[in-house]
Structures are given as C-alpha cells and as structure tokens.
1. Take Asp67 and tell me if it is surrounded by fewer than 16 Cβ atoms within 10 Å (Cβ to Cβ) and either free of Cβ contacts under 8 Å to residues at least 12 places away in the same chain or of a type in the set (Val, Ile, Thr) (or both).
2. Please specify each residue of segment 5-21 satisfying the condition of being crowded, with 18+ Cβ neighbours inside 10 Å and touching a Leu at 6+ places or on another chain (Cβ under 9 Å).
3. Among the residues of segment 162-206, which ones are polar (S, T, N, Q) and either in a helix (DSSP H, G or I) or surrounded by 13 or more Cβ atoms within 10 Å (Cβ to Cβ) (or both)?
4. Under 9 Å between Cβ atoms, which residue pairs at least 6 apart in sequence (or on different chains) link something in segment 233-250 that is of a type in the set (Lys, Arg) with a partner that is assigned to a strand (DSSP E or B)?
5. Across segment 212-228, what is the total count of residues that are exposed (fewer than 10 other Cβ atoms within 10 Å of the Cβ) and in contact (Cβ under 8 Å) with a residue 12 or more places away in the chain?
6. In segment 101-122, what residues are crowded, with 24+ Cβ neighbours inside 10 Å, out of contact with any Ser or Thr (no Cβ under 6 Å at 6 or more places or on another chain) and aliphatic (A, V, I, L, M)?
7. Among Ile236, Ile223, Ile245, which is the only one that is hydrophobic (A, V, I, L, M, F, W, C) and in contact with a Gly (Cβ under 6 Å, 6 or more places away or on another chain)?
8. Restricting the search to segment 229-240, which residues are surrounded by fewer than 10 Cβ atoms within 10 Å (Cβ to Cβ) and more than 14 Å from Lys185 (Cβ to Cβ)?
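The values are calculated or read from the model by the stated rules, or taken from the named source; none is laboratory data. What you are looking at is a predicted structure, and each value in this text was computed from that prediction instead of being measured. Using ideal geometry, Cβ is built from the backbone for each residue, glycine included, and neighbour counts are taken over all protein chains shown.
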Amino acid sequence: MSVLIATVGGTENVVKLGFRMMENVEKVILVPGKPFEEVMEKSEIKQGKIRADPIQKAYELKKSIEDFGAKVEIYEVNPLDFKECLLRIIELIQEQPVDTDIAVNVTGGTKLLSLAAMNAACMCYCKAFYVQEKGSGDTKVDLPSPNSGYFNDIGDQAKKILLYLLEEHKKLKKPVEEYNDDELKSFINREIALGLGVTSQTITNKLQMMEADGLLMSKKGAIKNSSGLGKSSVKIWLLTDDGRIYATYFSKKNS
C-alpha cells in the first residue's frame, strides 16, 4: 500500500503535481492549515493581502484526487503551531498499516507546517519531497531523510566507509569530474578496504548495497598497474549528496 501525506496551503497545484509524480498511490492524507482568521487576532493579520482558504483548497483537492481512484482524508492543523503540526503528522504516519510505503510532500502550507512535516518524516524514517515548479517543467525533488532508519540501522561498516570517503572527498581541490582515474585511486575498492584495515572482499557487497540505497555512486575506470605496464579496470566509488549528508552526520557524532 502506498500513502501520500501532503501539506496544503493556498495553492493546490503543488499537491496535484506531487500526486501525479508518484505511482500507485492508494490513499492521500491532506493536512491543510486553518485560515489565519481562525488562529490569529485580527489586529495581528497583515491587511491588504488576499489569502486563499487552505481548508477549502483541501476539499477541492479531495474531489479531484478521488476522481483518480485514490481515497482522501483531511486533517486540519494550526499552521502557526509547530508542535501541533509535528505531532499531528507523526500520528498520521504512525496510524498507517505496517509495511505501508509512505511519502510526505512538504511543499504546501506555511513554513512552520512544511518544516514540521519534514521533521516528522525524518523522525519516522519516511521519504519526503517537494515539488519545484519551473517554466521548463515541474520536478519532484527527493529530500535527504533517513529512509529505512539509516541513522540507526546503517551499521558500523557502512559508517566507516562513509567517513573514509568523506575524508577523501575533502582532499579534492577541484570537482571530481576534473580528475583522471589514477588521481582517484583512493576511491577504488582496494584502497577503501586498506583504509579501513579490512580485505576488499569484506566490503564489496556493502558498497553495492550502499549504492542501491543512494548513498554511493560508482563509475568504471582504469588505473596504471603497480608495474607501470598497462592498466587495470576498476570501479571508483563516490559519495552522493545523500551519502555526504549521512557521512557528515556520523562524523559529528563520532567527534
């Protein structure tokens, strides 16, 4: 089962786009912020600005999304109360059946509501994304959150690999694509293993798993043999943006 949780503000487009960019969504949970008139004193509301009603937008969205066959639920929150928004979205995530694939679209709503949704996704190990609207075409941008509980479950060997690669990345003085393969020797399997004090065979599967999880990316290369005669084919392992974030997180924890 696939569930989409989406924060809702004054526009419905980012929610519709997020829904269309996902596959096989069976249920959509909309979390609109209550109008400012309900949560603020009239004297505190900035005048002269026309504001859409997020709750009304949510019910308009409900009708259009249900036309595509997905079930829709709506839960209102005070969009200026971070703790209320955070707690409500955590509850909504936790209420879903076990093994449900949950994603959180944090694009809509106030900044506080969006930040609360992102925090809830991270705390509950859910995927999060936002929709970037562009003239050249709208895109879904996946946000680096601890999918599958990586902050807790990644394992010591994977952490050591990330930390080793982070230190090697820091040594680079220019973009990685400007280096030739021989200059990236420290990023090959054998050198990573040597840096960790283990054998190459013990980390091969872990490197492949980390690539599948989006923490590493690999490219084929060729480096000079130690004899200086000819070259050997190698795989060069590099950190992705997500991998760099996790590595930085673990480096701070271990310092």
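1. Numbers: surrounded by fewer than 16 Cβ atoms within 10 Å (Cβ to Cβ): yes; either free of Cβ contacts under 8 Å to residues at least 12 places away in the same chain or of a type in the set (Val, Ile, Thr) (or both): yes.
Yes, satisfied.
2. Those that are crowded, with 18+ Cβ neighbours inside 10 Å and touching a Leu at 6+ places or on another chain (Cβ under 9 Å): Ile5, Ala6, Thr7, Val8, Gly9, Glu12, Val15, Gly18, Phe19.
3. Step one: of segment 162-206, the residues polar (S, T, N, Q) are 180, 186, 189, 199-202, 204-205.
Answer for segment 162-206, where residues must be polar (S, T, N, Q) and either in a helix (DSSP H, G or I) or surrounded by 13 or more Cβ atoms within 10 Å (Cβ to Cβ) (or both): Ser186, Asn189, Ser200, Gln201, Thr202, Thr204, Asn205.
4. From segment 233-250, the pairs are Lys235/Ile188; Lys235/Ser218; Lys235/Lys219; Lys235/Lys220; Lys235/Gly221.
5. Residues flagged as exposed (fewer than 10 other Cβ atoms within 10 Å of the Cβ) and in contact (Cβ under 8 Å) with a residue 12 or more places away in the chain within segment 212-228 amount to 1.
6. Within segment 101-122, Val104, Ala116, Ala120 meet the criteria.
7. On the way: Ile223 fails: in contact with a Gly (Cβ under 6 Å, 6 or more places away or on another chain); Ile245 fails: in contact with a Gly (Cβ under 6 Å, 6 or more places away or on another chain).
Unique residue meeting the criteria: Ile236.
8. Of segment 229-240, the ones surrounded by fewer than 10 Cβ atoms within 10 Å (Cβ to Cβ) are 229-230, 233.
Within segment 229-240, Leu229, Gly230 qualify.
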